[in-house]
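A short worksheet on the structure shown next.
What follows draws every value from the coordinates through simple rules; no lab data is involved. Computed from a predicted model, the values in this text were never measured in an experiment. As a convention, Cβ positions derive from the backbone with ideal geometry for all residues, glycine included, and neighbour counts pool all protein chains shown.
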Amino acid sequence: MNPIRTAEERDVSRIAEILVFNNRLNFYPIFQNDDYSFGELQVVPMAEEFRSDPALLARTFVYDDDVVRGLIVLDGTEISKLFVDPCFQNRGIGAALLKFAVEVHHADVLWALEKNVRGIRFYERHGFRATGEKIFEDDTTEYLIRMKRRNDSGDHP
């Protein structure tokens, strides 16, 4: 049985929890912004953001094998978020979510924080390559790099 399904309203608290804690673990060391990471970024408002936006929920997919362990958010063929609960990382959940997005939804592009070396390596292992395009993360001096999945012939973007 495929554990990946479209997110439902009953998942919003778990989705928010995964997003908030991953953000703190992965991005607080880079941005070191206490006001955002421990003030503005909270589970209840994040859950409400998903609960109040049916379109966002409809493009969010969860890995659920009786516990929601990870999620991916798509915007057309762009991956806008991919997170696995830190307790369940390194078990193939992120790879399964990424494979689902590529194979079922033809996802082929994403933006990764340039300093998120671990995330970039993960995407590279799964066929994504940096395109050379960079933009600033909103309201920061940190760069996002665009990554595109190479096509089936192995050619790079």
Over the chain, what is the relative contact order in whole percent, taking alpha-carbon pairs under 8 Å and six or more residues apart? 18 percent
Say we join alpha carbon atoms closer than 10 Å with springs in a Gaussian network model of the chain; which of Ile72, Ile135, Ile15 then has the biggest fluctuation? Ile135
Would you grab the residues whose amide H sits under 5 Å from the one on Lys81? Only those 5+ places off in sequence or on another chain, please, with H modelled 1.01 Å from N. Val73
What size of dipole, in debye to the nearest 20, comes out for the chain about its Cα centre when the only charges are +1 on Lys and Arg C-beta atoms and -1 on Asp and Glu C-beta atoms? 720 debye
Taking Lys and Arg as +1 and Asp and Glu as -1, residues besides Asp53 with C-beta under 12 Å from its C-beta add up to -1
Cα-centre dipole for the stretch 64-114 with unit charges at Cβ (Lys and Arg positive, Asp and Glu negative), debye to 20: 120 debye
Based on alpha-carbon centroids, what's the gap between the stretch 68-107 and the stretch 10-43 in Å, whole number please? 18 Å
Along the charge dipole of the chain, which of Phe31, Ile93, Ala7 sits closest to the positive end, that is, farthest toward it, with unit charges on the beta carbon of Lys, Arg, Asp and Glu (+1, +1, -1, -1)? Ile93
For a quick check, take a GNM of the chain with Cα springs below 10 Å and name the residue from Ala101, Ala55, Ala16 with the largest mean-square fluctuation. Ala55
Per 10 Å bin, what is the whole-percent P(r) computed from every C-alpha pair distance within the stretch 108-157? 29, 52, 17, 2
Which of these, Asp75, Asp85, Asp65, has the largest mean-square fluctuation under a Gaussian network model of the chain (Cα springs below 10 Å)? Asp65
Give me Met46, Met147 ranked fewest to most by other Cβ atoms within 10 Å of their Cβ, as a rough exposure proxy. Met46, Met147
For Gly127, what residues show an amide H to amide H distance below 5 Å, using hydrogens built from the backbone and excluding near sequence neighbours? none
Computed magnitude of the charge dipole of the stretch 108-157 (debye, nearest 20; Cβ of K, R +1, Cβ of D, E -1): 300 debye
